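Remarks on the structure that follows.
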Amino acid sequence: MKINNELIFEINGEEVTHDIVYKWEYKRMIAVHKTLAKMEGVKFSPYFDKWVKEKNIDAMRSEILRIKIQLGIEKMRSELKAKTKLANIISKFSNVLSNKRKFSITEIVVPNTNLTPKELLDRIIEIMMVNNDKHLEINLNTNPDHYVLQEVSDDVQEVLETTGGSPLPTHFFAHYNDEEKLVSTFDPKFEVQAPGTARLEDGTIIGGVRHQVGRDKDVLRFRALVEFPAVLPNYMIKEHQLHLACEFGHWISAAIDDNNFKS
């Protein structure tokens, strides 16, 4: 699963090369490998260290996906419970300290597609929110830091991932089409949006998203926007911009591939 070579990444108004995105993904693969290797019953390929030295991210990505599928969502959720519990306590505390937000934003230009902004967003949401084996593989493979991404009810997605530069994974629920306490607003230069709150299991709002898609002359422009508590250090906000580039680079690549939508 590779990012489409034609996609263009922009962070803070400057173009970011695919090489930078892949270097970030490679770094996170090494960290995730260490996390997964500690879980009961996990046995990585004996070639993994060789792939790390060769920086063979395609082989590393496939092997990490194999391990995640082998473990299963329930097992990963259980193995990471202690860490996510601590991370969620920190998230609650951060939310109490300030009701202000910082935005982590990455924009992706999508050339040479016949899809409309709505069609592109609908396809991304379908992959993210419709539970089946193909989507499970795509969702776990879009970012090394993804452990659980699945729909649990209408417009609600369970997420267990490590965000940005956080040392701990967070377990939360993305409530799409819920704009409670969102600080960001819809930019009229875009055509469609997918806003939502990020809530802990007890309903506490710890952040949110407002992803948007529009036309920019003869290309599509996707804006991934995540709201974090303002007390988080800028380092984590910047790291999450690359997190967004990695995951939405893969998600958009999957969405513009018609083969993924053939019945």
Which entries of K92/K238; K2/K34; K75/K118; K85/K189; K100/K238; K85/K238 show an alpha-carbon separation above 28 angstrom in the structure shown?
K75/K118; K85/K189
In whole Å, what are the Cα extents of the range 125-248 along the three principal axes, biggest one first?
39, 38, 26
Coil-residue trypsin sites (Lys or Arg not before Pro) of the range 4-56, DSSP, other Cβ within 10 Å capped at 16:
K38, K43, K55
Counting each pair of different Cα atoms once, what's the Kirkwood radius of the range 1-97 in Å, rounded to one decimal?
15.8
How much accessible area per residue does the range 1-131 have, counting only protein heavy atoms and a probe of 1.4 Å, in square angstrom?
58
Which one of P117, N99, H146 is farthest out on the positive end of the charge dipole of the range 99-158, using unit charges on Cβ (Lys, Arg +1; Asp, Glu -1) and the Cα centre as origin?
N99
What is the percent carbon and sulfur in the accessible area of the range 1-150, measuring with a 1.4 Å probe over the protein chains and ignoring ligands?
52
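The values are calculated or read from the model by the stated rules, or taken from the named source; none is laboratory data. The structure displayed is predicted, hence computed values, not measured ones. Every residue, glycine as well, gets a Cβ built from its backbone with ideal geometry; the counts of neighbours run over all protein chains shown. These accessible areas exclude ligands, DNA and RNA; they are computed on the full protein's heavy atoms, side chains included. Shrake-Rupley method; radii C 1.70, N 1.55, O 1.52, S 1.80 Å.
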